[in-house]
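Written out below as structure tokens is the structure these notes cover.
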Amino acid sequence: MGTFPKETFQKGKSMLELKDICFTRENRKILDHVSLNIDTDKFVVITGPNGSGKSTLVKIIMGIEKPDSGKVLLEGKDITNLSIDERAKLGIGFAFQQPVKFKGLTVYDLLKLSSGKEMNKKEACDILSKVGLCAREYVDREVNGSLSGGELKRIEIATVAVRNSKFTIFDEPEAGIDLWSFQSLIKIFEDMRKIVKGTTLIISHQERILNIADEIILMKEGKIQAKGSKEELLGQVFGQSMCSKLGGDQENG
């Protein structure tokens, strides 16, 4: 079984900084003066009630949405006005809540494109095995509607992992997958946390994902309500009944 690629980044430095981010849609304030620092080499989970602004916040980090005001800095560089492609080149990776299908493209082709380098089929199979897929059955499959939601999710995680991004975002990776796939997903994130250097940011309601976090960020009503270690915040999160064992409703904010 293969391992995820290794890269070393400076520890103890701010990987991402948000400065006074505001975002309003249809006269509703979704993000209200959000400021946040996320350090290098951290596994961070953002949680909170549905509609608290979690998904909007990561879309602003990725460049899918533009803030009304405020700044986004990656390793001290202002990226507020950069495009999604420009941010990706700087090292930000993003996994959608609903994975994208690519008609006519095989899983092997997608992994090669994602890695940005030559990759033989053995290397591709190693990565697929790492995300819990039988490589021989999937490496030449087309990335289309014949794959289940759980299969597409694991393939997408594999493509994100091979990019070796400095800052990787997963928006509710547990959405739409079954219990077996969810258990495999936890193992994948545990492996990524130990092996992949850089920073991983996950939006999740899941207790088991929160339990492997270095830091938890709690959002409510478009604001950062609290930030701290899991030991400091798990009781507060569970006390507000925000977490579930499996599943979790999608949010509009």
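Every number here is computed from the coordinates shown, using simple stated rules; none is lab data. Remember, it's a predicted structure, so these values are computed and weren't measured experimentally. With ideal geometry, Cβ positions are generated from the backbone for all residues, glycine too; neighbour counts draw on all protein chains shown.
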Open item on the list: Within a 10 angstrom radius of the beta carbon, how do 232, 172, 26, 17 rank from fewest other beta carbons to most?
Closed with: 26, 232, 17, 172
Open item on the list: Test of understanding: ordering 22, 125, 134 by Cβ neighbours within 10 Å, fewest first, what list do you get?
Closed with: 134, 22, 125
- [ ] Name the residues whose placed amide hydrogens come within less than 5 Å of the amide hydrogen of residue 225, ignoring near sequence neighbours (fewer than 5 apart) on the same chain.
- [x] 218, 219, 220
Open item on the list: Within a 10 angstrom radius of the beta carbon, how do 208, 87 rank from fewest other beta carbons to most?
Closed with: 208, 87
Open item on the list: Taking a ≥ b ≥ c as the square roots of the Cα gyration tensor eigenvalues, with a/c under 1.5 meaning rounded and otherwise prolate when a/b beats b/c, else oblate, which class fits region 14-239?
Closed with: prolate
TODO: Take the Cβ-Cβ distance between residue 230 and residue 24 as r, set R0 to 25 Å, and report the resulting FRET efficiency rounded to the nearest 0.05.
DONE: 0.20
